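The values are calculated or read from the model by the stated rules, or taken from the named source; none is laboratory data. Model, not experiment: these values are computed from the prediction. For accessibility, only protein heavy atoms count, side chains too; no ligands or nucleic acids. Shrake-Rupley method; radii C 1.70, N 1.55, O 1.52, S 1.80 Å.
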Amino acid sequence: MDNTSRSLPQALRHYLVNPLALGYLGVVLAVCLWVAVDALSASSSGDASFAGVWAVLVTAPTSMLLPFAGPAGLIGIPIGSLVHALALGALYRSITERRAHSTGSGVSNA
């Protein structure tokens with residue numbers, strides 16, 4: 001199937017459904033859950049925490065490019081994670097497809 005004949009959902013699925021992209025999204029989800037648990041426990045104790053910075057750091061620099069401040073700035077976290085997962089997925093597909101083409105023709109890169 002040619003890359004130009006894919007619809008947008010098919011192209012997104014092609015790049016997001018692989019071990020590298022899903023692993024990255026899992027790490028981002030785990031960090032965001034940890035931040036949420038920390039925020040709930042810090043709010044009950046009245047103590048401030050910088051745990052929320054980690055959610056921005058695991059999606060940086062893309063999450064820092066959005067010019068929103070305050071709670072609206074949190075939209076950068078899912079946008080940044082999807083951009084990075086797509087980039088990692090494209091890298092993974094490129095490497096695995098190149099390896100499949102080179103070994104399929106009998107040429108070894110070793």
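Things to note:
- In this structure Trp54 has an accessible area near 140 Å², from a 1.4 Å probe over the protein heavy atoms.
- Theoretical gain in end-to-end length, Val27 to Ser102 [0.36 nm per residue, Cα-Cα removed]: 23.8 nm
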